[in-house]
Each structure stands twice: as C-alpha cells, then as structure tokens.
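Below is one structure; the comments refer to it alone.
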Amino acid sequence: MAAAVDEAKSKGNAAFAAGNFTDAVRHFTEAINLSPNNHVLYSNRSAAYASLSKFSEALIDAEKTVELKPDWSKGYSRVGAAYLGLNNYNDAVLAYRKGLKIDPNNEVLKSGLSDAQSGQGRGRGRGPSSSFGDAFSGPEMWAKLTSDPRTRTYLQQPDFVRMMQDIQKNPNNLDFYMKDQRVMQAFGVLLGMKWDTRTSEGGVKMPGGSPERKRRAESEPVKEEKRAGYKAQPVPQPEPVEVSEEEKELKERKVLALKEKEAGNAAYKKKDFENAVQLYTKAIELDDADISFLTNRAAVFLEMGKYEDCMKDCDKAVQRGRELRSDYKMIARALTRKGTALVKMAKISKDYEPAIETFQKALTEHRNPETLKKLNEAEKAKKELEQQEYFDPQVADEEREKGNQFFKEQKYPEAVSRYTESLRRNPKDPRTYSNRAACYTKLGALPEGLKDAEKCIELDPTFAKGYTRKGAVQFFMKEFEKAMETYQAGLKYDPQNQELLDGVRRCVEQMKKTSRGDLTPEELKERQAKGMQDPEIQNILTDPVMGQVLADFQENPKSAQKHMKNPLVMNKIKKLISAGILQVK
C-alpha cells in the first residue's frame, strides 16, 4: 500500500513540475484515496488546484491539511494562498499570521502576508475609476498568466515581469505600458477577453485610453528601473509541492537497485549464477516495487536447478505485481517461469497439470508465442506419459477379445468401445485398428473406418487385413478406382489372399458396369457428383492437356488414337470413366 501511495505521489510531483496541473490533481487524488490521513498529499493537491485557479477546492484541501497537521506552517501558507485567490484578504492575513506564529522566519509566509495586507489596502482605497484593478491583484494574476500559453513565455522576460509588478502595485500605471503588446495580451488574458492588440498604425488598441496618455506613452518611454520608489520583485511561481526526505531516499535507493540489477544481468550472462543471485537479492532489498528483480532471480534459480526457490520468487512477483498494478507482461513472465519450473519437476503425467494451468494463466495475462509453445509441449508430454503409464499389452489383448465377442454378436457399438480401450492400453497393435475399422464399416462410419485402416497399414505395411479393410471402405464409398489400387497394393505382400482377390474382382465388375453405361440414372448422377468432389478428378478436368484430349475424342478420331498410346493419358481417362464422368457406348 505504501509503495502505491509513493508511486502516485511521485507521478503527481512530476506532473506538477511539468506544468500539467490537471494530471497532478488526478495523481494526488489517487494517493489520497489510498492514504486519506496524509497531510502532505492534501497540501500538494491544494497547490495544484491553486495553479489551476480553482481556489475554492484549494482552500478545502488547505484547511484539511491544517486539520491533520496543525503545527505545520506549510498548511497555513496553503490556506493563505487560497484566500488570496478568492480575494478574501482579511482571512488570508489571519492564516499567514497563524503560520508565522509556528515558524516566524518563514519567508513564504512573510511574503504572503505582505501580499494580503497590500490587498487590504487596495480594497480600502479603491475608487470607481479603478474598475480594472482586480485583474492585477493577488497571486491569482501570476497563476492565470502561467496557465495561459499566450503569456506563459512572457514570464521568462524580466522587463515584462517588472512592468506587471509595477501595474500590480498601482493599476493606474497600466496607461504607461499600453504601447507594449505583451502587456495588452496579458491584460486580455486576465479579463478573459480577446481583442486585436494592433491598430492600423502599429500602436495598441485599448478601450478607455485617452489620446494624451497615448501620446505620452509614445513620446516618453518609461524607464522602470529609474522610477521613484520602484523595487523589482522576483517572478511569482506556483509554490512547489512538498517532497519529503523519504521520497528523496526512495529515489536514491531505486537508482542503486538498478545498478545492482545491471551487475546481476552481467553475471547471469557469464553464468556466474551465485554472484547473480546475490546481486539481484541486493536489488530486491533496495527496491521491492520492481518485480523484474524477482523474475530475474527466479531465472537464475531455474538455471541452477533450484526449482522450489524459482517458484517462490515467481509467486512473490505475481502477488507484488498485482498490488502495484504492474505491467501484465511482467506478471505473465513470472507465471511462465513458474510453469517452466513445474515442467522440470514433473515425473508423472499428473505433475504436468499444475504446469499447464500456470501456462494458461500466463496466456490470459499476455498471449506470448513462447508461453503458448511451452503450453503445447507440456500438454503433449502429459499425453505421452499418460499413454506410457496406461500401457499394458496383456490388458489390451483381453479388451480386444471382448471386442471380438461383441462383433460376433453384432453389437458393434460395444465392440468399438472395447477396441478403443484396448488401443489405450496398447496403441501400437495393428490388429485392433483393423478390427475397429471393420466395426466402423458395419456402422456406416466410413471416414472413421478409413482412418483406422490407414493407421493399421502404417503400423504394419505387410498386414493384409489393413488393405482389405481400407479397400472395403473405399468400395462402399464407391471410389472403385482407389479401392482397386488398395487391393493391388495388398496383393504385393500376400498374392494369394482371397479377400484381396475378391476385392479386385468386385472393383473390376463395377468399373466395367460404369464404362458400359449400365448404371441407372440415379446411380450415374450419384457417381458423377461424388467424382466431382474428388480432388484428383477435379485436377484432371482442369488440366488443359486433358481438355484438348477430350475434345479430340469428340472431334478428331485420328488424334484420339495417338492419345490412346500414351499410358498416362489412358490412366486418367480410366479414372474419369470409373467416376462416371465419361461413358463408353
């Protein structure tokens, strides 16, 4: 909590120093919400409000400062400044005097008291002719000129400052400076007016200025430094916010912590891990508000194989990061590092579960490709270990026999269930894939059956059953050309296998039937629709060479005879005939 207050306060100080008073108010308000009894925060926000000319708000915060810390002279300075801004000179005098009782030598209080007393005098001696005098009274004049971009730069020019101080002491002296465009621009800002400060002759256009006074201003320029009784005053600026000794010390500690971190990084690169741990530890002790020190030390522990220490640092980094509202990427980094340590410690499949969960949490903070890769690797490793832990060839055989019995009883769903359990126990048995493919075929789940048959062939390319299963699925899918190729591939390993030979015979019969056009219109339409979905058929039909060949068959018989001598062309024509796209009459 204290670190969050300090962080918000530091941001407010920085914004105030940069002249961003609205941001300063916001940051100080955030700090006050976290620490509502901190008198320095109310004092700082009062100064920010006063710089924005929000003197009512400044007064409320100033009075709260005095309430919390009645023996602090700075609070009375804030109260007096707020009353001055509100033109309440009597209360301002009282506030400054109270502050001087606590700190009689305080120059800020003395200066404020002088301004307040001058304001009282102007209020008593003001006549009807000084209607513009209020615009130049009190410190609010300087606040307005500072906040307006048109006049802010003028305050850096000593001659302008002297003229404004002279006018503030006696508003009637404005007539002597009307020729100066900067003064007139400032006058417009103070009155909240906009006008053209140039006449057609290059002079100053100002309502209420007499011709005699204009001529006097043109013919007798005033030399301020020689005016009787004139005394130059320093440029009033918004009173700076309070920076405590604790803040100064905190900044120094942060600088030292960063130096220790850089030294730790250098040691880590040299693989001097023991020294790196010591350096990162020093950085953490100096500044616990930067969680990168923790994540860096965790990385060192990870390299050293000290996984428990690594995870402790990662947990601290996540907890501290949430308290400080750190960058979500930093929190994700800590979680990823913890997940990596959990993976390193994993011995059984269940050990991967907390690692996977940690990686998933990291991805919710920040979707980093490296973290996603680690998650996928952990899930894959868990699955492989599960299979190894579950592997039992004896139980697999028992489950396969149960499946065979259900198959004989034509209880195909039950058979699929037993074959699946058998494959979990032994995923390398081609016989089980073959048997389950037969079940899927009976159930009409042809894509699943085809997949199992292909897996069976992959595990044992010499196992004839795999080819008969695959060929049967393709036959039922009416892909006779493909089924023929599958049966012929199986015959290479078992030339006398009757199932394979019968499969070839059935495919030949269907292909002849298609080529003779002995199909019903419904069968032909179905065959053509299925053929058009086949990528191989689509490639043949979109091939320009085959397009010319098909055109020659219809229009140029002599050229067609030449094409028939090309085995590649004839093979493609056979495929089109088998798919029902071409018919031979």
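The values are calculated or read from the model by the stated rules, or taken from the named source; none is laboratory data. Note that this is a predicted model, so its numbers are computed, not measured. Because the Cβ atoms are built from the backbone with ideal geometry, glycine has one as well, and the counts that use them run over all protein chains shown. To get the accessible areas, we keep the full protein, side chains included, count just its heavy atoms, and leave off ligands, DNA and RNA. Shrake-Rupley method; radii C 1.70, N 1.55, O 1.52, S 1.80 Å.
In nm², what is the average projected area of the convex hull enclosing the Cα atoms of region 322-395? Before the final figure, lay out the partial values.
Values: hull surface 21.1 nm².
Answer in nm², one decimal: 5.3.
In whole percent, how big is the carbon plus sulfur part of the accessible area of region 72-111, probe 1.4 Å, protein atoms only?
Working: 910 of 1890 Å².
Whole-percent figure for carbon plus sulfur exposure: 48.
What is the spin-label model distance, in nm, from Leu372 to Glu323 if the labels are put 7 Å beyond Cα along the C-beta direction?
3.4
Round to the nearest 0.05 the FRET efficiency obtained for Lys248 and Thr22 when R0 = 22 Å and r is the Cβ-Cβ distance. The partial results should precede the final answer.
Details: r = 26 Å, r/R0 = 1.17.
About 0.30, to the nearest 0.05.
Report the calculated FRET efficiency for Met345 and Val255 (r = Cβ-Cβ distance, R0 = 30 Å), to the nearest 0.05.
Working: r = 37 Å, r/R0 = 1.25.
My answer for the efficiency is 0.20.
Enter the per residue convex hull volume of region 3-63, computed from alpha-carbon coordinates, in Å³ rounded to the nearest integer.
Details: hull volume 3.6 nm³, N = 61.
Per-residue hull volume (Cα only) is 59 Å³.
Once the Cα atoms of region 235-384 are picked out, what are the Rg and Dmax in Å?
So, for region 235-384, Rg and Dmax equal 18.6, 77 Å respectively.
Please find the FRET efficiency linking Gln533 to Gln181, where r is the Cβ-Cβ separation and R0 is fixed at 60 Å, and quote it to the nearest 0.05. Could the numbers behind the result be given before it?
On the way: r = 84 Å, r/R0 = 1.41.
The computed FRET efficiency comes out at 0.10.
Taking θ = phi - 60°, what integer Hz values does the Karplus form 6.51 cos²θ - 1.76 cosθ + 1.60 yield along region 439-450, in sequence order, with x for Gly and Pro?
With the stated coefficients, region 439-450 comes to 5, 4, 5, 5, 7, x, 8, 5, x, 5, x, 4 Hz.
Let me know the Kirkwood hydrodynamic radius for region 406-464, please, with Cα pairs as the basis and the value in Å to one decimal. Write down the numbers at each step before the final one.
On the way: mean 1/r = 0.0890 Å⁻¹.
Taking every pair of different Cα atoms in region 406-464, averaging 1/r and inverting gives 11.2 Å.
Where the accessible area of region 367-472 is counted over protein heavy atoms with a 1.4 Å probe, how much of it, in %, is carbon and sulfur? Write out the running numbers ahead of the final one.
On the way: 2870 of 5990 Å².
Carbon plus sulfur share of accessible area: 48 percent.
For labels at Glu57 and Asn566 in the simple 7 Å Cα→Cβ model, what's the distance in nm?
8.5
Roughly speaking, what is the stretch gain from Ser147 to Lys270, that is 0.36 nm per residue apart minus the C-alpha to C-alpha distance, in nm to one decimal?
On the way: separation 123, 0.36 × 123 = 44.28 nm, distance 5.33 nm.
Going from the current span to full extension adds 39.0 nm.
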